[in-house]
Structures are given as structure tokens and as C-alpha cells.
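*Asks:* Sharing a structure with you now.
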Amino acid sequence: MRKIVFLFLLLFPFQTWAMSPSTEKQILMELAEIKATLRTFMEVTNKRFEDMNKRFEDMNKRFEDINKRFEDMNKRFEALQEEMNRRFEALQREMDKRFEEVDKRFEQVDKRFEQMDKRFEQMMTFLWILTAIFTTLTAVVIGFAYWDRRTIIRRAREETLKDLEEGKLGALLRALKELAREDRRLAEILRSYGLL
């Protein structure tokens, strides 16, 4: 209302306070027109503001719907991320378990290799022992054969000489020695053969 009075004062400068009734009527009619125009303007403006408010409310609803959709998408992404994290953790656990199994298998293979190495060492030790035994046996047999041969040859010589001396050959040799005392030629021959 203050605005209207202010507009009125601006439009109509202070002339005289005494007006004619027709001027007053005209002023009142113009004021009524201005008031009606202002009312329609205000109603239209209010209607526009209401429409704008409705549009803003609709936009707010749309934004709320979009926010809900984004929240739903965020929830889906979070659920998907959690599921992926669970899968990755399960995969990581499974891979860790497999690596542990592989490590255990490698340890078993290492143990088997150690056992094989021990067996080879035992076999090599056994082969060295066998080699030493056979070498010793061979040396003993060769030594025994050499000793036995020398012993047998010596005995055989002694026995042969004894047999020769005791037997007919010995008697023949004694006879030849006696004959060589008388025959010089025979003595030389027996000496040349080392029998005299």
C-alpha cells in the first residue's frame, strides 16, 4: 500500500489540495485502474512465481530422483566393489594356499633329493669298501701265489735234490765222482757242470 501512495505522489505533483469533483473522480478512477492493473500484475506475478515454485519443486523432485538414482548406483557400486573385494580376497587366499602347497612340494622334492644324495653316498661308500676288499683280496692272492710258488719251488728243488742224492741218480753221481779221481778228463767235465 505504501508503494501505491508513493507512486501516486510521484505521478501527481503537489498542486493544490482542493480539486474539483470531476478531477477527483478522474483521479480515483485512474487510481482504481492503477490498483486493478497492479492487482492483475501482482496476480500474474504471483502466478508466475507459483509456476516457478512448482517448476523448482518439480526440479527438486527430479534432482531428488536423480540423487536417489545416484545413491542406488553408489549402493550398487559399493556392493559390486565389496563383491569384487571378496572375490579378490578369496582368490588371494586360494593363490596363497596353492603357493604354500607348491612350497611344500618343493620341500618334499628337496627331501627326496637329499635322500637320493644320501643313498648315492652310501652306495659310493659301499663301492669303495668293495673295491678295497677286492684290491686287498687280489693283493693277498697274488702275494700268496708268489709266496706259495717260491715255497713250492724251493721245496721241489730241495726234494728233487734230495731224491737225486738219495736215489739212483745220487748213486750214479757218487760213482762218477769216484771215477773222476782216477780219470782226469771226467773230472774236468764234472767240474765244468758244477757236479764236482
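The values are calculated or read from the model by the stated rules, or taken from the named source; none is laboratory data. All of these numbers come straight from a predicted model, not from anything done at the bench. Heads up, the Cβs are rebuilt from the backbone with ideal geometry, glycines too, and the neighbour counts pull from every protein chain shown.
*Asks:* So, in the stretch 171-196, how many residues would count as being assigned to a helix (DSSP H, G or I) and either out of contact with any helix residue (DSSP H, G or I) (no Cβ under 9 Å at 6 or more places or on another chain) or exposed (fewer than 13 other Cβ atoms within 10 Å of the Cβ) (or both)?
*Replies:* If we filter the stretch 171-196 for residues that are assigned to a helix (DSSP H, G or I), which is where we start, we get 171-182, 184-192.
Of the ones still in play, those that are also either out of contact with any helix residue (DSSP H, G or I) (no Cβ under 9 Å at 6 or more places or on another chain) or exposed (fewer than 13 other Cβ atoms within 10 Å of the Cβ) (or both) are 171-172, 174-175, 178-179, 181-182, 184-185, 188, 191-192.
Counting residues in the stretch 171-196 that are assigned to a helix (DSSP H, G or I) and either out of contact with any helix residue (DSSP H, G or I) (no Cβ under 9 Å at 6 or more places or on another chain) or exposed (fewer than 13 other Cβ atoms within 10 Å of the Cβ) (or both) gives 13.
*Asks:* Could you tell me which of the residues Arg157, Arg150, Arg98 is surrounded by 10 or more Cβ atoms within 10 Å (Cβ to Cβ), assigned to a helix (DSSP H, G or I) and at pLDDT 90 or above? Walk me through how you get there before you give the answer.
*Replies:* Details: Arg157 fails: at pLDDT 90 or above; Arg150 fails: at pLDDT 90 or above.
Among Arg157, Arg150, Arg98, only Arg98 is surrounded by 10 or more Cβ atoms within 10 Å (Cβ to Cβ), assigned to a helix (DSSP H, G or I) and at pLDDT 90 or above.
*Asks:* In addition: Search the stretch 49-64 for residues that are loosely packed, with under 11 Cβ neighbours inside 10 Å and at pLDDT 90 or above and pair each with any residue that is assigned to a helix (DSSP H, G or I) and not basic (Lys, Arg) when their beta-carbon atoms are under 7 Å apart and the residues are at least 6 apart or on different chains.
*Replies:* So the pair list comes out empty.
*Asks:* Right, next: Going through Lys75, Lys162, Lys168 one at a time, which residue ends up being exposed (fewer than 10 other Cβ atoms within 10 Å of the Cβ) and either more than 32 Å from the chain's Cα centre (by Cα) or touching a residue at least 40 places away in the same chain (Cβ under 8 Å) (or both)? Break it down into steps so the answer makes sense when it comes.
*Replies:* On the way: Lys75 fails: exposed (fewer than 10 other Cβ atoms within 10 Å of the Cβ); Lys162 fails: exposed (fewer than 10 other Cβ atoms within 10 Å of the Cβ).
Only one candidate qualifies: Lys168.
*Asks:* On the given criteria, is Thr136 at pLDDT 90 or above and among the β-branched types (Val, Ile, Thr)? Even if it seems obvious, please write down each step before you answer.
*Replies:* Working: at pLDDT 90 or above: yes; among the β-branched types (Val, Ile, Thr): yes.
So Thr136 fits the description; yes.
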